[in-house]
1. Restricting segment 109-139 to residues that are closer than 19 Å to Ala159 by Cβ and acidic (Asp, Glu), which is modelled with the highest pLDDT?
2. Looking at (1) in contact with a helix residue (DSSP H, G or I) (Cβ under 9 Å, 6 or more places away or on another chain); (2) modelled with pLDDT of 95 or more, which one does Arg186 not meet, given that it meets all the others?
3. Here are some residues: His174, His193. Which one is in contact with a helix residue (DSSP H, G or I) (Cβ under 9 Å, 6 or more places away or on another chain), at pLDDT below 95, open to solvent by 40 Å² or more (accessible area, probe 1.4 Å) and closer than 17 Å to Val91 by Cα?
4. What helices (runs of 4 or more DSSP H) completely inside segment 78-196 contain at least 3 residues that are among the polar types (S, T, N, Q) and out of contact with any His (no Cβ under 6 Å at 6 or more places or on another chain)?
5. With respect to the numbered conditions (1) farther than 30 Å from Asp60 by Cα; (2) crowded, with 20+ Cβ neighbours inside 10 Å, which one is the sole condition not fulfilled by Glu152?
6. Check His106, His99, His55 and return the single one that is at pLDDT below 95 and closer than 18 Å to Ile166 by Cβ.
7. Looking at (1) farther than 20 Å from Leu189 by Cβ; (2) modelled with pLDDT under 95, can you tell me which one Ser168 breaks?
8. Which number in (1) over 30 Å from Asp39 (Cβ atoms); (2) among the acidic types (Asp, Glu); (3) assigned to a helix (DSSP H, G or I) marks the one condition that Asp60 misses?
Amino acid sequence: MPANPTPLVNGEKANRREQIMAAAAELFAHHGFHGVGIDDIGAAVGISGPALYRHFRSKDAILGEMLNSISRYLLDGGTARASQRDEPGEVLGALVNFHVDFALAHPALITVQERNLANLTDSDRKQVRAMQRQYVEVWVRAISDAVPGIGERQARSAAHAVFGLINSTPYNRHLGDSELAEMLCRLALGALHAAK
């Protein structure tokens, strides 16, 4: 049975493009987009830098596909969780759990996503921003439904604040993943319910 899709890998075994994006994500997270060359990415997957051009036209194209994949994964995952439940509190809890799981499982992707929007081409940046806005709107609806009396602007601000809380996890890992996940979910839900 195939494994669950991840932001960069669809199915059980990563193809070469997916391996390249995963290696590039780690390198970009640790050295910055401009601190990584094509040769570095090639070496990380066991091919020459120029051989990467068989898979991607440029380093910019790797970043563009990576950030589009992350944004699509979050939007699709958030939308699915919001539509699978009827009770507003359950929807909000499912969204929080989903985002926490993503942040803990993919710290390099969180780092790359936060730091590299400005490095995208205009076309990729527009696509990524559009999906990010849609993902925020999934959260705004869920927060509005689950937190009585909260206004739309408050719900939107609360969503962004909770993303900041959850997305900070790549920078401090003082607890084990399961303990940290539990704590982040409690903090996020507590913050959202205190937002009105």
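1. Only one residue fits best here, namely Glu137.
2. (1)
3. On inspection, the qualifying residue turns out to be His193.
4. 122-146, 152-167
5. In the conditions (1) farther than 30 Å from Asp60 by Cα; (2) crowded, with 20+ Cβ neighbours inside 10 Å, Glu152 misses (2) alone.
6. His106
7. (1)
8. (1)
The values are calculated or read from the model by the stated rules, or taken from the named source; none is laboratory data. Quick caveat, the model's predicted, so the values are computed rather than measured. For neighbour counting, all protein chains shown are included, and Cβ atoms are generated from backbone atoms with ideal geometry for every residue, glycine included. Note: accessible area is taken over every heavy atom of the protein model, side chains too, but ligands, DNA and RNA are not part of it. Shrake-Rupley method; radii C 1.70, N 1.55, O 1.52, S 1.80 Å.
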